[in-house]
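A short write-up of the structure that comes next.
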Amino acid sequence: MKAVLLTAGDGGRLAPITQTLPKALLPIGPETILARQIRQLVTAGVTEIVVVIGYEGEAIREHVAASNWPIKIHFVENRQFMTTSTAFSAALAEKFVAGDDFYLLDGDVIAEDALMHRIGQSQGNVLFYEAKSIMSPEEMKVAEAADGKVFLNKKIESGRALGEFIGVARISAEASRAFFAALKEQEDGYYEVAINAMAGEHPFVLEAVAENSWIEVDFVTDYLQAIRLFTEKREPVSPIISEQVLLCPGPVMVSHKVKSALLHADIGHRETEFIEILTRCRAKLNKAFGVKGGDYTNVIITGSGTSANEALLSSYGPGRKLLVLSNGEFGNRLSDLARCHGLDFTVLEFGWGHAIDLARVEQEIATGGFDALMMVHHETSTGMLNPIEEIGALLARYEVDFLVDAVSSLGAEALSVEEAQITFCTSSANKALASLPGLSFVCGKREAFQALKGRPARTRYLDLYRHYDFEELYYQTPNTPAVSLFYALETALDELLADTLEMRMARYGYLASLVRNRLKKLGMSTVIEEEQMSRVLTTAYYPEGIDIEAFHDFVKEHNFVIYRGKGPFLGKAFQIANIGHVREEHVLAFLDLMERGFERKAEQQATATV
């Protein structure tokens, strides 16, 4: 029995993890995908294998040569792998297997040993598939015509499809020459088209396989799933491996330790175990907020950063006159929350991308008409870092309370609620703290929390005093918390405190410098001046003539996620964040990809003008 393995493709969708490695050489436990396939085929009785190579073919040759396989292995090279598809690659194996029974396998299929053993017992012409009722457009679907003929096509409607072809077929000696003849008519397409063409004369039998007994590795998410399914020891995934590389200001990438923290014993949230982790998290959060004395405390809310802001404004704001500063989307969101709860407030608008004018702020505060001022520390709609220490000092002189949204700056920028003389400060877990989404915090002066007692609640769930009462006095949460997220949060806080904020800031600053230096090299401009930017976000204008949607699709195809500009910068700018568990190799890989994309567009424009 013989087999043909198709390994010529470059696996571009897996670039974040393969780099220059052919995806057939990705590890699955102690062996590569290719070695796993060869071992399974040998066990199934195959005595001769043809490996069709293309991208990094020499690496595949060397890898196979390093093992002393007890069978014949031939290599045939598809030198046109960049411009041809699987039909062309399969046709190259004709001289080795025409007239013989053989298995045809996509080189990125990973299967259980038991399934490969079963495939080895099959006879005649067989297509292996998994029965599914809902499938994506990417999947090769299997269906039967009214005459019973089996056919394959990605565009078969889900209602007609029986399931997904798994990329493994058995072709009999009697049908093999017809298969290769059909391939020659379909060299620009998929080999599945050749199977359709010959199926009338040489019918195929369908054999269903079990769910999770196989996987085809097309995307990074597929590879991660394969690790979970087929690696017995569940080895830690390298930090460079991610379902997507998130270069956006939230949600952010998190470390393996943070993800692993979700695997914990089930505990009751009214039991001692939860009291302990809640208390530890709150103590560590105080350190992150720069608290050194005993005047400040914090509460943790199950909800996004907006829930912390809404809890603060709806609980603190009624009966008080507020001044809201805005120079972007998230300043506007604060005024939206104030408006939603019918608060008495004034917005001091500076415009997106414009610095806060301290003189104007003091002019308003000096009127004596405000009890508190609220502003955003890091305005992530532009990446501008606003001057909280200067404004905190100003407000202290006028005895005005200071409320700060530090949702995306806590853990990335210098922030001390004590030094900035902040009354209440909000933040969330899945920004610079690099934990998972779903928890937010309000840190404030104890006396300010206590002053909320007796004030009518505008919401039951987000009653800030009730959270303080439960967490500070009873070491509980008022409602059922997202228990698992507390484990992740504690792990992320431990990582931050072990790194030290100074080191974390230095790392973020270095990564930001890589981005900004590359933009300068390319002659690109940014929405705000560099001295106004935070350490974790750069908002840059697109080069002239760029197809914006095509650019974002291009980077997404390579598993990078960046955000489009917001508000007045929509369609004009894009954002590159280096926040969370982003590493230097992530940033450099994206910048190289971005530069190639822009160069390609420039070349196309130059050609068009000739």
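Rounded to the nearest whole Hz, the Karplus-based 3J(HN,Hα) values (6.51 cos²θ - 1.76 cosθ + 1.60, θ = phi - 60°) of the range 394-400 follow the sequence 4, 5, 4, 5, 9, 6, 10, with x at glycine and proline. Here's how it looks for residue 346: its modeled amide H is under 5 Å from those of 322, 323, 324, which are all 5 or more places away or on a different chain. Taking a cut-off of 18 Å, what percent of all Cα-Cα pairs in the range 1-61 are separated by more than that? Every Cα pair in the range 1-61 considered, those over 18 Å come to 36 percent. Modelled spin-label separation between residue 340 and residue 131, with each label point placed 7 Å from Cα along the Cα-to-Cβ direction: 4.6 nm.
Between residue 548 and residue 399, the simple spin-label model (points 7 angstrom out along Cα→Cβ) gives 5.0 nm.
Full extension of the chain segment joining residue 82 with residue 117 gains 9.3 nm, where the gain is 0.36 nm per residue of separation less the Cα-Cα distance.
Here's the list of lysines a cross-link from residue 154 could span, going by alpha-carbon distance under 19 Å and ignoring same-chain residues fewer than 8 apart: 132, 141. Between the range 558-604 and the range 266-295, the C-alpha centres lie 37 angstrom from each other. Look at (i) 40.5; (ii) 30.8; (iii) 32.5: the one that is mean projected area of the Cα convex hull in nm² derived from this structure is (iii). The stretch between residue 450 and residue 62 holds 132.7 nm of extra length on full extension. This uses 0.36 nm per residue minus the Cα-Cα distance. Its convex hull of Cα atoms gives the range 267-329 a direction-averaged projected area, equal to a quarter of the hull surface, of 6.7 nm². Partner lysines whose Cα lies under 18 Å from the Cα of residue 287, excluding those fewer than 8 positions away in the same chain, are identified as 431, 445. Most simply put, the range 41-166 has about 60% antiparallel DSSP beta bridges, counting only bridges with both residues inside it.
Using a simple spin-label model with pseudo-atoms 7 Å out from Cα toward Cβ, residue 357 and residue 595 lie 4.1 nm apart.
Backbone phi angles across the range 37-47, fed through the Karplus curve with coefficients 6.51, -1.76 and 1.60 (θ = phi - 60°), yield HN-Hα couplings of 5, 4, 4, 5, 5, 4, 4, 7, x, 6, 10 Hz in residue order; Gly and Pro are listed as x. Place a point 7 Å from Cα of residue 205 in the direction of its Cβ. Which residues in the range 138-171 have their backbone N less than 14 Å from it? Residues 170-171 fall inside that zone. If you plug the beta carbon distance of residue 366 and residue 419 into 1/(1 + (r/R0)^6) with R0 = 25 Å, you get a FRET efficiency near 0.60. On a 31 Å Cα-Cα criterion, which of the cross-link pairs 292/453; 321/566; 72/155; 259/521; 184/556; 155/572 come out too long? Beyond 31 Å: 72/155; 259/521; 184/556; 155/572. For the range 80-94, 3J(HN,Hα) computed residue by residue from phi via the Karplus equation (6.51, -1.76, 1.60; θ = phi - 60°) reads 9, 4, 6, 10, 10, 10, 5, 5, 5, 4, 4, 4, 5, 8, 4 Hz, glycine and proline entered as x. Using a probe of 1.4 Å, the accessible surface attributed to residue 390 totals some 100 Å² when neighbouring protein chains are kept in position. For residue 253, the residues 5 or more places off, or on other chains, whose built amide H falls under 5 Å of its own are 246, 581. Extension gain for the segment residue 572 to residue 146, taken as residue separation times 0.36 nm less the Cα-Cα distance, is 148.1 nm to one decimal. The residues of the range 1-69 expose, per residue, 36 Å² of accessible area to a 1.4 Å probe. Within the accessible area of the chain, the carbon and sulfur atoms contribute 50%, probe 1.4 Å, all protein chains present.
The values are calculated or read from the model by the stated rules, or taken from the named source; none is laboratory data. Small disclaimer: the values here were computed from a predicted structure and weren't measured. Cβ atoms come from the backbone with ideal geometry, glycine included; neighbour counts cover every protein chain shown. Keep in mind that these areas ignore ligands, DNA and RNA; they rest on the heavy atoms of the full protein, side chains included. Shrake-Rupley method; radii C 1.70, N 1.55, O 1.52, S 1.80 Å.
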